[in-house]
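A.B. asks: What follows is a single structure, and I will ask about it in a moment.
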Amino acid sequence: MQGAVVIKKERAALILQRLQEHYPQTPVPLDHSDPFTLLVAVLLSAQCTDKKVNEVTPALFAAGPTPAAMAALEEAEILGHIRQLGLARIKARNVRRLAELLLERHGGEVPCSFEALEALPGVGHKTASVVMAQAFGVPAFPVDTHIHRLAQRWGFSDGRSVEQTERDLKALFPREAWNRLHLQIIFYGREFCTARGCDGTVCGLCRELYPRRRTPVIWRKP
């Protein structure tokens, strides 16, 4: 068992090195200008691509750039800006109510607290983790579909749940690397180790980690 842990740690160190070589810069994929616009953008990205979110948010943020301005909009107006997104009606309702609660509970500021963020409508642990990591620099490891998939392919987690994947990755990688690494893994998963383009035996990192692997890795979707 101890030997297996050492091997996993060695593989994790290799991943850190290779991903830093691939992606020395890690810009946040969602366009935003402050913690509030980041929070709204991440909320809107559920079951939707970052590219599509970035297409609709400029007009939305022009109309509602602050919690006060967003709360002053009618739900139908917010919906009009985000109608192309999945779950648009629910998201429009959540965005408006979220803005109202930021005014009522937090003086119009986005709170720097997992508990306070997760108490807002439409904000789960992953969304709160992204905001804490990217807006406030608090170490977090948001796990999206790409990270969940690659953690299994690389043998870092068994895929039982997103929560388990997060715990496993946090135990393997240094805390100071989490905020950068979660973006690097997303970038790599989109570009090289894709859901259909790699099965655990194709991309460069999968081959480097497991040169003798011949059997595809069937990953558990979150």
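Throughout, read-outs are computed from the coordinates displayed, never taken from laboratory work. Remember, predicted model here, so these are calculated numbers, not experimental data. Don't worry about glycine lacking a Cβ; one is built from the backbone with ideal geometry, like all the others, and counts go over all protein chains shown.
A.B. asks: How high is the relative contact order of the chain, in percent, counting Cα pairs under 8 Å that sit 6 or more residues apart?
C.D. replies: 18
A.B. asks: How large is the Rg to Rh ratio of segment 99-182 when both quantities use alpha carbon positions and Rh follows Kirkwood?
C.D. replies: Radius of gyration over Kirkwood radius for segment 99-182 works out to 1.04.
A.B. asks: Of the listed pairs Lys9/Lys51; Lys8/Lys91; Lys170/Lys221, which have alpha-carbon separations greater than 28 Å here?
C.D. replies: Lys9/Lys51; Lys8/Lys91
A.B. asks: All other residues with a Cβ under 11 Å from the Cβ of Cys198 taken together, and with Lys, Arg as +1 and Asp, Glu as -1, what is their net charge?
C.D. replies: That sum, taken over residues with Cβ under 11 Å, equals +2.
A.B. asks: Tell me the angle of helix 35-44 to the major Cα principal axis of the chain, expressed in degrees between 0 and 90 and rounded to the nearest ten.
C.D. replies: Rounded to the nearest ten degrees, it is 70.
A.B. asks: So which trypsin sites (Lys or Arg not before Pro) in segment 129-222 are both in a DSSP loop and have at most 12 other Cβ atoms within 10 Å of their Cβ?
C.D. replies: Filter output for segment 129-222: Arg160, Arg196, Arg212, Arg214.
A.B. asks: For Tyr188, Tyr210, which order do you get if you count the other beta carbons within 10 Å of each Cβ and list the fewest first?
C.D. replies: Ranked by crowding around the Cβ, least crowded first: Tyr210, Tyr188.
A.B. asks: Regarding the chain, what's the average projected area of the Cα-atom convex hull, expressed in nm²?
C.D. replies: Result: 12.3 nm².
A.B. asks: So what's the net charge close to Gln84: Lys and Arg +1, Asp and Glu -1, counting the other residues with Cβ under 12 Å from its Cβ?
C.D. replies: +3
A.B. asks: Separate question: How big is the Rg/Rh ratio for segment 35-136, C-alpha atoms only, Rh by Kirkwood, two decimals?
C.D. replies: 0.92
A.B. asks: Would you please give the FRET efficiency between Gln17 and Glu109, computed as 1/(1 + (r/R0)^6) with r the Cβ-Cβ distance and R0 = 35 Å, to the nearest 0.05?
C.D. replies: Working: r = 38 Å, r/R0 = 1.09.
In this case the efficiency is close to 0.35.
A.B. asks: Near the amide H of Val138, under 5 Å away, which other amide H atoms are found, from residues 5 or more places off or on another chain, if H is placed in the peptide plane?
C.D. replies: It is Ala133, by chain and number.
A.B. asks: Also, quick follow-up: In whole Å and largest first, what semi-axes does the C-alpha gyration tensor of segment 1-52 yield when each eigenvalue is scaled by 5 and square-rooted?
C.D. replies: 34, 15, 10
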